[in-house]
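Have a look at the structure below before the remarks.
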Amino acid sequence: MTEPRPARTDLESLATQAARAGTDLPGATRPAVAPIYQTSVYEFESLDQVDAVSEGELAGYLYSRNGLPNSDSLAEAMATLEGAEAGLATGSGMGAISVALLSQLGQGDHLLAASELYGVTMALLREDLPRWGVQVSYFDTGDAASAERSWTPQTRAVWVETLSNPRLGLADLPGLADLAHRRGALLMVDNTFASPAVCQPHRFGADLVMNSLTKFLGGHDDLTAGALTGSAALIGQARRFSVRLGTFLAPFDAWLAVRGIKTLAVRLAAACANAQTLAERLAAYPAVLAVNYPGLDSHPQRALVRQLLPRQAGAMLSFEVPGGRAGADQVIRRLRHIPFAPSLGGVRTAVSHPGTTSHRAMPPAERARLGIGDGLIRVSVGIEAIEDIWADLEQALGALQR
Ligand SMILES: *Cc1c(COP(=O)(O)O)cnc(C)c1O
């Protein structure tokens, strides 16, 4: 019979040891990469120290929802990449959008928004902003004159996407910034489809820029996060509101996003070069009805493309196949390697079908008015070898009859 091993602790000291586990941190050398600060609270030596940290006289943290090192280093990286004074990281792109709009708009205000927007943003504008007493009206994204016609004395902000989903129209950022600033309003831009590697909206006058880091900035389909960038004053307001709203970004996802950002430039250079080639080949493919890509001469806003996207035209494109929904379904089913995954911005090429995913909630008549046909397929172009991407797409398109 084996003797029971002697207990290392009695039950009370086990409770103590359990409660104190992991609090004696090693500190001899400095890590090359920031560790994950997986803590919800910080310890203080004295009441004076709490005062100093709370008043911002001493660098430090208090409680994770108020901010923590991993999300702050991400926010700083985003401010640098977007060319802004300050940044704020949030738990999702929608968190950043909610903070941007709700921290700046209130009872009686009017928001002017682009007619083509990310579906969940559209739902926020339609279903939630009116409950905050904010009226919203819509204008044609590429046309600053159409925004001016819809202007009201209560208009406080303009909301647009740099590149629209799914037709890749460009917002006239310089024209809209000029209009908004002449009338004392803010220009807010969702830069998710471009990323700062493709366009930096602050350079064209945007006041607040939002990115979903879930997409190109994270880049690997493995995290959910968002960011806002802008002046220290606007980001300060956004930060205080985000603490109350609770749009906190967890340390591990912040850490992953910083890791993803390190390769943003090389990933986007490869993906944009692939997208350009793919767009050209699709445009030359007999059965394809139309291709939307800012890098094609056929794009209706050439001058704006040269101004806003001077180096590369992005990694998103969409194309229309004949046969409507059945035609698109046939192509998607035949793809062997490219997944149908309704997200974007990962290193792997993926297709989506706006009619059944991002624009599902939109009435068919409105989709048709915006040119989002049932045969439209969206491609988030990755960094694989272009011949492998094309081979898969070409064999899938082979079944189509024009
Ligand atoms: C994905 C996306 C969002 C929302 O970002 P989440 O991180 O999913 O909350 C907003 N705008 C655009 C254009 C997007 O593609």
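The values are calculated or read from the model by the stated rules, or taken from the named source; none is laboratory data. Because the structure is predicted, anything quoted here is derived from the model rather than measured. In this analysis, Cβ positions are derived from the backbone assuming ideal geometry, glycine residues included, and neighbour counts consider all displayed protein chains. Heads up: the accessible areas ignore ligands, DNA and RNA and are worked out on the full protein's heavy atoms, side chains in. Shrake-Rupley method; radii C 1.70, N 1.55, O 1.52, S 1.80 Å.
So here's what we get for this one:
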quantity	calculated
Charge sum, other residues only, whose C-beta stays under 10 Å from S103's C-beta, Lys/Arg counted +1 and Asp/Glu -1	+3
For the range 250-330, fraction of C-alpha pairs farther apart than 17 Å, in %	59
Cα-centre dipole for the chain with unit charges at Cβ (Lys and Arg positive, Asp and Glu negative), debye to 20	1040
The range 164-318, accessible surface, carbon-and-sulfur percent (1.4 angstrom probe)	54
Percent of beta bridges antiparallel (DSSP, the chain, rounded to nearest 5)	55
Solvent-accessible area per residue, Å², over the chain with all protein chains present [probe radius 1.4 Å]	48
Burial ranking of peptide ranges 380-390, 30-40, 184-194, 297-307 (average Cβ count within 10 Å, highest at the top)	184-194, 380-390, 297-307, 30-40
Angle between the chain longest axis and helix 11-20 axis [Cα atoms, degrees, rounded to 10]	50
Solvent-accessible area, 1.4 Å probe, carbon plus sulfur percent, for the range 1-150	52
Lys/Arg +1, Asp/Glu -1 at C-beta; the range 210-326 dipole; positive extreme among L278, L264, G246	G246
Alpha carbon convex hull of the chain, volume per residue in cubic angstrom	216
Sequence-separation-based contact order of the range 316-402, relative, with Cα cut under 8 Å and 6+ spacing, percent	44
With all protein chains modelled, accessible area of L14 [1.4 Å, Å²]	90
Overall form of the range 1-120 per C-alpha gyration tensor (a/c, 1.5; a/b vs b/c)	prolate
Ranking by accessible area, most exposed first, for Y285, Y118 with a 1.4 Å probe	Y118, Y285
Listed peptides 231-240, 71-80 by packing density, highest first (mean Cβ within 10 Å)	71-80, 231-240
Approximate spin-label separation V266-R203, in nm, with each point projected 7 Å along Cα-to-Cβ	2.3
Amide H within-cut-off set for V136, under 5 Å, with H built and near neighbours excluded	L111
Packing-based ranking, highest mean first, of 124-131, 45-52 given that Cβ atoms within 10 Å are counted	124-131, 45-52
Rotationally averaged projected area of the range 343-402 (alpha carbon convex hull; nm²)	5.0
Positive-end extreme of charge dipole, the range 119-172 - chosen from A123, T141, A157 (charges on Cβ)	A123
Length-normalised contact order for the chain - Cα pairs under 8 Å, 6+ apart - percent	15
